[in-house]
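The values are calculated or read from the model by the stated rules, or taken from the named source; none is laboratory data. Because the structure is a prediction, the values reported are computed rather than measured. For neighbour counting, all protein chains shown are included, and Cβ atoms are generated from backbone atoms with ideal geometry for every residue, glycine included.
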């Protein structure tokens with residue numbers, strides 16, 4: 001995603017409480033004019049809370065949002081595929097959605113009326129779960145990631161949903177995207193799905209060159225279009 005020229009205030013690490021009372025840390029990026037600004041919870045890929053996902057929060061802050069990235073891995077990050085698998089496998093997705101992410105939403109609701117959620121890959125799947133389980137949310141944008149369809153109850157999703165998918169995605173096949181769209185549509189969810197002739201992680205600017213896992217590839221053109229669509233969507237659903 002192309003970074004905005006506007007510069008937000010420097011992000012910082014904060015601690016907030018889950019609904020069960022446990023503490024979680026996260027990265028909070030604030031806009032220059034924070035008063036009255038809506039907020040967005042940003043959910044990491046399977047790499048952890050790294051500089052790339054902080055950058056997403058910074059870009060949202062640069063265009064006026066309060067953005068919080070929960071530290072789902074409790075300080076652990078990796079650049080190795082095998083270790084990323086290990087960290088993701090250890091994560092309790094239900095606990096992450098109903099406790100870590102909901103706690104982040106509730107923290108932000110203490111500062112603003114409307115809170116959205118967005119996430120990428122693993123974070124995309126958690127975005128959909130969050131929309132399923134967190135009634136305080138006002139909107140959500142998922143990027144190329146979904147949970148098993150049986151984990152979702154469309155009737156529980158009461159807010160608009162936008163999603164971005166890669167037609168050449170080897171991790172989340174496009175035919176499953178079609179099934180998800182059909183299921184959400186039958187449940188009368190307000191959905192807006194976009195498909196791109198791209199590979200998995202096409203909005204992640206670090207998914208380039210040797211050393212990245214096979215099947216991922218950054219595409220700056222599609223990334224910019226997806227970013228523009230995301231900002232238009234959040235502008236419509238979170239402001240006012």
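Only one of the numbered conditions (1) in a loop (DSSP other than H, G, I, E, B); (2) over 27 Å from residue 216 (Cα atoms); (3) out of contact with any strand residue (DSSP E or B) (no Cβ under 9 Å at 6 or more places or on another chain); (4) at pLDDT 90 or above is violated by residue 6, and that is (4). Does at least one position in region 199-214 carry a residue that is more than 17 Å from residue 121 (Cβ to Cβ) and not in a loop (DSSP other than H, G, I, E, B)? Checking region 199-214: not a single residue is more than 17 Å from residue 121 (Cβ to Cβ) and not in a loop (DSSP other than H, G, I, E, B).
In region 175-187, the qualifying residues are those that are out of contact with any helix residue (DSSP H, G or I) (no Cβ under 8 Å at 6 or more places or on another chain) and exposed (fewer than 13 other Cβ atoms within 10 Å of the Cβ), and the one that is farthest from residue 136 (Cα to Cα) is 175.
Against the test of being surrounded by 24 or more Cβ atoms within 10 Å (Cβ to Cβ) and closer than 26 Å to residue 207 by Cβ, the options 167, 127 yield a single qualifying residue, 127. Of all residues in region 81-93, those that are surrounded by 15 or more Cβ atoms within 10 Å (Cβ to Cβ) have Cβ atoms under 6 Å from Cβ atoms of residues that are assigned to a helix (DSSP H, G or I), 6 or more apart or on another chain, in 88/122.
One line per residue, one yes/no per condition, for (1) within 24 Å of residue 115 (Cα to Cα); (2) exposed (fewer than 14 other Cβ atoms within 10 Å of the Cβ):
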{"site": "141", "(1), (2)": "yes, no"}
{"site": "146", "(1), (2)": "yes, no"}
{"site": "196", "(1), (2)": "no, no"}
{"site": "230", "(1), (2)": "yes, no"}
{"site": "236", "(1), (2)": "yes, yes"}
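Looking at 26, 48, just one residue is in contact with a helix residue (DSSP H, G or I) (Cβ under 8 Å, 6 or more places away or on another chain), buried (at least 16 other Cβ atoms within 10 Å of the Cβ), over 20 Å from residue 232 (Cβ atoms) and modelled with pLDDT under 95, and that residue is 48.
Test residue 119 against the criterion of being surrounded by 23 or more Cβ atoms within 10 Å (Cβ to Cβ) and either within 17 Å of the chain's Cα centre (by Cα) or touching a residue at least 60 places away in the same chain (Cβ under 8 Å) (or both), and give yes or no. Taking the combined requirement at face value, the residue satisfies it.
For region 195-210, enumerate the residues that are touching a residue at least 12 places away in the same chain (Cβ under 8 Å) and farther than 19 Å from residue 60 by Cβ. If you could, list the steps in order and put the result at the bottom.
If we filter region 195-210 for residues that are touching a residue at least 12 places away in the same chain (Cβ under 8 Å), which is where we start, we get 195-206.
Hits for region 195-210 are 195, 196, 197, 198, 199, 200.
Taken together, 192, 186 contain a single residue that is in contact with a strand residue (DSSP E or B) (Cβ under 9 Å, 6 or more places away or on another chain) and touching a residue at least 24 places away in the same chain (Cβ under 8 Å), which is 192. Only one of the numbered conditions (1) in contact (Cβ under 8 Å) with a residue 60 or more places away in the chain; (2) surrounded by fewer than 24 Cβ atoms within 10 Å (Cβ to Cβ); (3) farther than 21 Å from residue 24 by Cα is violated by residue 172, and that is (1).
Being surrounded by 24 or more Cβ atoms within 10 Å (Cβ to Cβ), farther than 20 Å from residue 206 by Cα, touching a strand residue (DSSP E or B) at 6+ places or on another chain (Cβ under 7 Å) and without any contact (Cβ under 8 Å) to a residue 60 or more places away in the chain narrows it down to one of 67, 97, 57, so name that one. Outline the logic, then answer.
On the way: 97 fails: touching a strand residue (DSSP E or B) at 6+ places or on another chain (Cβ under 7 Å); 57 fails: farther than 20 Å from residue 206 by Cα.
Going through 67, 97, 57 in turn, the sole match is 67.
Checked against (1) surrounded by 19 or more Cβ atoms within 10 Å (Cβ to Cβ); (2) over 30 Å from residue 112 (Cβ atoms); (3) at pLDDT 95 or above; (4) out of contact with any helix residue (DSSP H, G or I) (no Cβ under 9 Å at 6 or more places or on another chain), residue 216 meets all criteria but (3).
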